[in-house]
Amino acid sequence: MGKSSKDKRDLYYRKAKELGYRARSAFKLLQLDKEFQFLDGVTRVVDLCAAPGSWSQVLSKRLFEDADSVENSEKKIVAVDLQPMFPIDNVTTLQADITHPKTLNKIMELFEGQKADFVCSDGAPDVTGLHDLDEYVQQQLILSALQLTTCLLREGGVFVAKIFRGRDIDMLYSQLGFLFERVVCAKPRSSRGTSLESFIVCIGYKPPKHWVPKLDVNTSVETFFEGCGIGRLSLEDKLAGYSEEPRSIAEFISCGGLDSFDSDATYHDVPSNKPALDPVQPPTNPPYKRALELKRQGKLART
Ligand code: SAM
């Protein structure tokens, strides 16, 4: 598929390039914020799994709207990803693995002991195609983001993360319910209706009293959340009576409004004389880079 046909098939893809965003994901954060207004008045923000950086661009614009504000010196945005990121104004980038405990220390050092008002994670692992494995890795990524968040977020702060609504999602909702006052599952209109992708918006961080979250290389997830009321799902051998565990179902909100573009539609009214736009920021470390290098050296030959 050519660039211009993708511009028509996915208007968010085109709009992102027109507005200078590095990825169409920017609209997901913009539509979520329009619904929940969680970026109003925030000062310190952590963007996990941030590359290529469109969420960080949105955050930078929102936090530093008023370039002359004296409060700008108080503001801080830290963006973390496995991939290197090209610089973004007012954003400190960190190339690190969010599942590695040392990453927390690095972020904390950058915040100089202060807590964040908002943590977000748009993390997605490389997909293998093995459905159960992909779902498991995604869940581990969300848990790592949540563990980091419990150590970084101030009381009352907000956590937003991408999820895929799979079989075990009730478990995640009930776990989050122990840590936040309100948990909403939100689907922005820029997220394709055909995808299982949604976002959990967790408002009002309220860790249980006497529970001190701390990351330790040797700590399992169960030990980490010990004492905060979060349990494991247990299988009980009690069929008689069928007493089913109450399910935790999060509020579901679709945001973005019907007047915004439909991410599954093809728009034919992009004038054909409008040229296809180049990407705002080419990828820093694309998988095809090595293949191109080998080709240049004449080492890539058809057998
Ligand atoms: N929000 C980003 C934006 O707007 O540009 C897009 C994020 S992209 C969908 C998912 C990112 O998750 C990828 O850049 C990937 O490198 C990152 N990622 C996956 N696993 C990670 C991990 N363990 N630690 C840090 N980043 C990770």
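Just so it is clear, none of the values below were taken in a lab; they were calculated from the coordinates. As the structure is a computational prediction, the values presented were derived from the model and not from experiment. Reconstructed Cβ throughout: ideal geometry from the backbone, glycine too, with neighbour counts over all protein chains shown.
Key figures
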| item | result |
| --- | --- |
| Relative compactness, the chain, computed as alpha-carbon Rg over 2.2 N^0.38 Å | 1.09 |
| The chain: angle of helix 101-111 to the longest principal axis, Cα-based, in degrees nearest 10 | 80 |
| Tilt relative to the chain, helix 26-36 - C-alpha long axis, 0 to 90 degrees, to 10 | 40 |
| The stretch 152-230: GluC sites (Glu not before Pro) falling in loop per DSSP and having at most 16 other Cβ within 10 Å | Glu226 |
| Restraint check, Lys15/Lys295; Lys115/Lys162; Lys34/Lys102; Lys17/Lys115; Lys76/Lys102, Cα-Cα greater than 27 Å | Lys15/Lys295; Lys34/Lys102; Lys17/Lys115 |
| Cβ-defined net charge surrounding Val127, 11 Å radius [Lys, Arg +1; Asp, Glu -1] | -3 |
